[in-house]
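Worksheet for the structure shown next.
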Amino acid sequence: MTIRRVLALAIGTFLLLTTPVAAQEQAKPVPTQTPEAALVEVAKHLSDQYALYLYESLTAQTLFNESILERPNSPLAPKAKDSLWALEIISKSILAEGEDGQYLNAASVPAFFEDIVHRYLNTSHYWPDRDITKDTRREHLAAWYSIYLMLLVGNATQDEIAKKLRNGAFNLDPEVLETEGPSLVDRLKKDGGLTARTYALVQIQRKGPAGHESLTFPTYMDRWKAKIDRAYEVP
């Protein structure tokens, strides 16, 4: 099954996308120094080139998980299979039907990720702290994957975005792509949208040479991923 076919598959109804956030949760003010508040600030700005970069990241992640399923008897297969399912959900949420087929609906990206953040990182229903069972691991994985991709996009520099989009699925004029400038999270910090504390909740720290860097995600993301991996018995 090709990457474009995977991204175009229709999916059934799923809580992650189809259940609206409860009105009372929407009405609650978001504490200003929480992962929820920090991620909502980033989500609000995930449009235009960030949405395109997100699509390319979905493609790369889908290819990676497909490669795992091609290995006979891989212990990672159950998680890879559910990862593809989660990536289909994200893809379906940001694609729309047009006269010539599906297209990327960039305007839908901020709202989708804001909904994910409010649903899973709300202080009253904080999913990273929940126990994860075999029955619940798939939804945890889908939520984690959404936020993981959001952080990758938010931490990408303009140069990284331009390079990815020039070689991606969209025919873009290289001259219209900005190649200088900070990442979205760095810009939000500079402009005052993120404080030093909330910036740390959305920053990916990098070490090592370009192209071979090790990435360190915020603690709550690593802790959540470790619990998901244990639920999948990932070695």
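The values are calculated or read from the model by the stated rules, or taken from the named source; none is laboratory data. If you're wondering where the values come from, they're calculated on a predicted model, not measured in any experiment. Every residue, glycine as well, gets a Cβ built from its backbone with ideal geometry; the counts of neighbours run over all protein chains shown.
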If you go through segment 197-225 one residue at a time, how many are of a type in the set (A, V, I, L, M) and loosely packed, with under 12 Cβ neighbours inside 10 Å? 1
Please determine, by comparing only the residues of segment 47-76 that are of a type in the set (Gly, Ala, Ser) and more than 19 Å from Ala143 (Cα to Cα), which one is surrounded by the fewest Cβ atoms within 10 Å (Cβ to Cβ). Ser67
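Tell me the helices (runs of 4 or more DSSP H) entirely within segment 1-90 that contain at least 1 residues that are modelled with pLDDT under 55. Can you show your working first?
Working: elements: 3-8, 15-18, 23-27, 35-43, 49-69.
Output list reads 3-8, 15-18, 23-27.
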Tell me, yes or no, whether segment 106-117 has at least one residue that is aromatic (Phe, Trp, Tyr) and either buried (at least 18 other Cβ atoms within 10 Å of the Cβ) or assigned to a loop (DSSP other than H, G, I, E, B) (or both). yes
